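S.K.: Below is a structure I'd like to ask you about.
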Amino acid sequence: MVVWTRTLLVRLRALRNFSLTRKGQAYYPNGMKLLVFSDIHGDLPALERLLTIEADYYVAAGDLANFARGLDRAAAVLASRRDRVWLMPGNHEHENDTAAVCVQHGFGHLHRTCFEAGGWHIAGLGHSNPTPFDTPGESPESELAERLEPFAALDPLILICHCPPKNTALDEAGPGRHFGSTAVASFIERVQPDWFFCGHIHEAAGRKATFGRTIGVNAGKQGYLLEV
């Protein structure tokens, strides 16, 4: 009986505030914690620091590496949380690069797909609109718009994209210099997800903005811990 009790306590501690109840769905009595970060660009110490933050899910919202070089090293760091990690490609990774890493390490691939947790739909779209740098993960605005559309019916929605919306505080690289996506901006304006997270524009990292009912955050390398 003592052995059984200790085993149970170990498992409960590992689960933290997570339990499988309510018709087999994940239930978070103390709220769900979602850590979103982006644009690590090979900074493995920064990635290691992020993984010391306790969360139920970790979403790497693109650009773990530079031109996909070093993606395997970043994945090896993320492997310590493998059962809670979701990856998406930034403009520095093609979706095939991140898909292969996810298969190899057992991560979720949050690109053009979604998952449900704590009563929320968490949807992701990687890549960016075209840049001057000819990076491997760039898509035309028409393609970004088409790939976002399946998320329009999801409610409540936490939307995570690598690319920020155009002409907002989240995509401002300097005074009057905006490099975000018109497709992402249009989707947010029309659909009004509850939360929106992005990266891509390093100068805007850490900024928060509201778009109607949507709360938007450029998570950047320092990350943002959402508790809902």
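The values are calculated or read from the model by the stated rules, or taken from the named source; none is laboratory data. On a predicted model such as this, the values are computed, not experimentally measured, just so you know. Here Cβ is always computed from backbone atoms with ideal geometry, including for glycine, and neighbour counts include all displayed protein chains.
S.K.: Kindly indicate which of PRO132, PRO165 is surrounded by 23 or more Cβ atoms within 10 Å (Cβ to Cβ) and over 14 Å from the mean Cα position of the chain (by Cα).
M.R.: Numbers: PRO132 fails: surrounded by 23 or more Cβ atoms within 10 Å (Cβ to Cβ).
Every option except PRO165 fails the conditions.
S.K.: Looking only at the range 114-130, filter to residues that are touching a residue at least 12 places away in the same chain (Cβ under 8 Å) and assigned to a loop (DSSP other than H, G, I, E, B); which one of those is nearest to LEU226 (Cα to Cα)?
M.R.: GLY118
S.K.: If you go through the range 22-73 one residue at a time, how many are at pLDDT below 95 and of a type in the set (Ser, Thr, Tyr)?
M.R.: Number satisfying all stated conditions: 2.
S.K.: Another one. Wholly within the range 32-113, which helices (runs of 4 or more DSSP H) include no fewer than the required count, namely at least 2 residues that are among the acidic types (Asp, Glu) and either out of contact with any helix residue (DSSP H, G or I) (no Cβ under 6 Å at 6 or more places or on another chain) or crowded, with 16+ Cβ neighbours inside 10 Å (or both)? Walk me through how you get there before you give the answer.
M.R.: Values: elements: 44-50, 71-78, 95-105.
Passing ranges, in order: 95-105.
S.K.: Report, by residue number, each residue of the range 210-226 that is surrounded by 14 or more Cβ atoms within 10 Å (Cβ to Cβ) and among the basic types (Lys, Arg).
M.R.: LYS221 - this is the single residue of the range 210-226 that is surrounded by 14 or more Cβ atoms within 10 Å (Cβ to Cβ) and among the basic types (Lys, Arg).
S.K.: Among the residues of the range 91-122 satisfying the criterion of being charged (D, E, K, R) and within 15 Å of the chain's Cα centre (by Cα), which is farthest from LEU64 (Cα to Cα)? Please lay out each step first, then the result.
M.R.: Our first condition is that a residue be charged (D, E, K, R); within the range 91-122, this holds for 93, 95, 97, 112, 116.
Imposing the further condition that a residue be within 15 Å of the chain's Cα centre (by Cα) reduces the set to 93, 95, 112, 116.
On the way: GLU93: 8, GLU95: 13, ARG112: 18, GLU116: 24 Å.
The selected residue is GLU116.
S.K.: Next question, about the same structure. Can you tell me which residue is farthest from ASN30 (Cα to Cα) among those in the range 60-69 that are aliphatic (A, V, I, L, M) and touching a Gly at 6+ places or on another chain (Cβ under 7 Å)?
M.R.: Within the range 60-69, the match that is farthest from ASN30 (Cα to Cα) is ALA65.
S.K.: Kindly establish whether LEU125 is crowded, with 17+ Cβ neighbours inside 10 Å, of a type in the set (A, V, I, L, M) and under 17 Å from the mean Cα position of the chain (by Cα).
M.R.: So LEU125 passes the test.
S.K.: Further question on the same structure: Could you check how many residues of the range 99-125 are in contact with a His (Cβ under 7 Å, 6 or more places away or on another chain) and under 20 Å from ALA55 (Cβ atoms)?
M.R.: 3
S.K.: Just checking, does the range 147-161 include any residue being over 18 Å from ASP63 (Cα atoms), small (Gly, Ala, Ser) and either touching a strand residue (DSSP E or B) at 6+ places or on another chain (Cβ under 6 Å) or surrounded by 14 or more Cβ atoms within 10 Å (Cβ to Cβ) (or both)? Please lay out each step first, then the result.
M.R.: So the first thing to find is which residues in the range 147-161 are over 18 Å from ASP63 (Cα atoms), and the list is 147-158.
Right, trim to small (Gly, Ala, Ser) and you get 152-153.
Now drop any that are not either touching a strand residue (DSSP E or B) at 6+ places or on another chain (Cβ under 6 Å) or surrounded by 14 or more Cβ atoms within 10 Å (Cβ to Cβ) (or both), which leaves none.
No, the conditions are met nowhere in the range 147-161.
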